[in-house]
There are 2 protein chains.
Amino acid sequence: MITESVEEYLETIYRLYERGVATTTTNIAKELKVAPASATQMLKKLAKQGYLKYTPYRGVTLTAKGKRTGKEILRKHRVMEKFLGTLGIPKSKIHKEACELEHHIPHDLERAIYQKVEGEKPLPPGAPSDVVPLTSLLDGQKGVISFIGGGRGASQRLADLGLTPRTEITVIKSALFRGPLLISVRGTTLAIGRGVASRIFVRAK
Amino acid sequence: MITESVEEYLETIYRLYERGVATTTTNIAKELKVAPASATQMLKKLAKQGYLKYTPYRGVTLTAKGKRTGKEILRKHRVMEKFLGTLGIPKSKIHKEACELEHHIPHDLERAIYQKVEGEKPLPPGAPSDVVPLTSLLDGQKGVISFIGGGRGASQRLADLGLTPRTEITVIKSALFRGPLLISVRGTTLAIGRGVASRIFVRAK
DNA sequence: TTTAAAATTTAGGCGTGCCTAAATTTAAAA
DNA sequence: TTTTAAATTTAGGCACGCCTAAATTTTAAA
């Protein structure tokens, strides 16, 4: 059985490798905030298990198996980060939570979540990255309209409702996947469809 | 710091308590598939930490603190089960995965997911519980139509497309939150809107 | 090339949570 | 009430993964 610690090491080593940083005992230990002596132990063990080649005093090189595994975990990490963002988890917590979750998400769940968050493209290329579709906000959350995606017509119709950039919106009632959103704008409550809502991009507060 | 094992014990004990089963060393050990001797050790520890009262040879009683903690973990477990179901994870895996995840979902993430899955009511009261809206299936998944929600009109229009109960559907392309679904029915590919799709209830395969 | 500093490894320990085998206590049958 | 079976605890161990301190090796400066 592959332990959480093994995964953590492989992910870290893969990260360094990807960044072109030398995969030495010290670098790995530093990255993991662990004593170098602890890293030595683990690296020997990983070598024995065929994840990497270990040359004493010289650092390590991932084998194909090691790369594959490290990459997989890194991918889980990234998918979870995206997912947490979609759910409106504060940025400050996202990395740490993803670090934890990456070890407990089985492959098929990662795939399922990946498909979900991919479908949810915060879209317009070049858009500020802290902007999300209105549909991503949770009940009670507030956001400020950043822009409206998808053509003149949409913008015009929304403007008629008072939904223009810089307007503050509070989500009263949303739901996952379907059904209209109930929102509050300048003291007025509005119901808007999901299709339209997904084209309103807001900066969450 | 509360360890995963401590959580597991508290959840289990709370479960037994909820079910009215005696919280004896043996019952707890059996439930956790652990040797009774191991349970004794842990129960002593939990008593020292104030989660329960331990009387040798007589079993344990949860304190208020123990109940609170056990309940919280059980709730996380249940929310995760629901969430996994929503994502189309096969039933056979749901319980086990939820068991794992419950220990790694921070409170706020559990709350966020809870709101999402609550919005996604597999609806019609009395409906078989393994039935989900078509929108819950992932790309490539197959399902068999169980029934159509929402009135004659909808049923009729869908029937015209060949979408009637017992028909098998394959989802070709779906996405989170928005956009139409591309599905395959009897060899034909169809595009249907999310609104309609959310009213087609299927049993996932 | 020698030598001191830096990097790395070895040795010895700690806490957690599990296990088995052997005692001990409790419960129930004779 | 005695005796035996079942439940429970005690004792002794194991694997993990971390740590510090002391040894060793490498590197780079003099």
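Exactly one of (1) among the hydroxyl-bearing types (Ser, Thr, Tyr); (2) open to solvent by less than 70 Å² (accessible area, probe 1.4 Å); (3) within 17 Å of the chain's Cα centre (by Cα) is unmet by residue A:25. Its number?
Evaluating residue A:25 over (1) among the hydroxyl-bearing types (Ser, Thr, Tyr); (2) open to solvent by less than 70 Å² (accessible area, probe 1.4 Å); (3) within 17 Å of the chain's Cα centre (by Cα) leaves (3) as the failure.
Could we say that residue B:40 is within 14 Å of another protein chain (Cβ to nearest Cβ) and within 16 Å of DNA strand D (Cβ to nearest atom) here?
Details: within 14 Å of another protein chain (Cβ to nearest Cβ): no; within 16 Å of DNA strand D (Cβ to nearest atom): yes.
Taking the combined requirement at face value, the residue does not satisfy it.
Could you list, in sequence order, all residues of segment B:106-137 that are within 15 Å of residue B:77 (Cβ to Cβ), at the interface with chain A (Cβ under 8 Å from one of its Cβ atoms) and modelled with pLDDT of 75 or more? Spell out how you get there, then give the answer.
In the first step, residues of segment B:106-137 are kept if they are within 15 Å of residue B:77 (Cβ to Cβ); the result is B:106-107, B:109-111, B:113-114, B:117.
Retained after the next criterion (residues that are at the interface with chain A (Cβ under 8 Å from one of its Cβ atoms)): B:106, B:109, B:113, B:117.
Of everything in segment B:106-137, those that are within 15 Å of residue B:77 (Cβ to Cβ), at the interface with chain A (Cβ under 8 Å from one of its Cβ atoms) and modelled with pLDDT of 75 or more turn out to be B:106, B:109, B:113.
For residue A:92, indicate whether it is of a type in the set (Ser, Thr, Tyr), assigned to a helix (DSSP H, G or I) and under 30 Å from residue B:111 (Cβ atoms). Steps first, please.
Values: of a type in the set (Ser, Thr, Tyr): yes; assigned to a helix (DSSP H, G or I): yes; under 30 Å from residue B:111 (Cβ atoms): yes.
Yes; evaluated as a whole, the condition is true for this residue.
From the list B:77, B:95, which one is away from DNA strand D (no atom under 16 Å from the Cβ), open to solvent by 60 Å² or more (accessible area, probe 1.4 Å) and within 14 Å of chain A (Cβ to nearest Cβ)?
Values: B:77 fails: open to solvent by 60 Å² or more (accessible area, probe 1.4 Å).
Answer to the check: B:95.
Tally up the residues in segment B:26-64 that are more than 15 Å from residue B:15 (Cα to Cα) and in a helix (DSSP H, G or I), please.
Residues meeting the conditions: 13.
Hey, can you tell me all the residues within segment B:28-37 that are within 12 Å of DNA strand D (Cβ to nearest atom) and surrounded by fewer than 18 Cβ atoms within 10 Å (Cβ to Cβ)?
B:30, B:34, B:35, B:36, B:37
Which members of segment A:4-22 meet the condition of being of a type in the set (S, T, N, Q) and either more than 10 Å from DNA strand D (Cβ to nearest atom) or open to solvent by 60 Å² or more (accessible area, probe 1.4 Å) (or both)? Outline the logic, then answer.
If we filter segment A:4-22 for residues that are of a type in the set (S, T, N, Q), which is where we start, we get A:5, A:12.
Scanning segment A:4-22 gives a single hit, A:12.
Among (1) within 16 Å of DNA strand C (Cβ to nearest atom); (2) open to solvent by 20 Å² or more (accessible area, probe 1.4 Å), there is one condition residue B:70 misses while meeting the rest; what is its number?
Unmet condition: (2).
The values are calculated or read from the model by the stated rules, or taken from the named source; none is laboratory data. Please read these numbers as outputs of a predicted model, since none were measured by experiment. A quick note on method: Cβ atoms are made from the backbone with ideal geometry, for glycine too, and the neighbour counts reach across all protein chains shown. Surface areas here come from the heavy atoms of the whole protein model, side chains and all, with no ligands, DNA or RNA. Shrake-Rupley method; radii C 1.70, N 1.55, O 1.52, S 1.80 Å.
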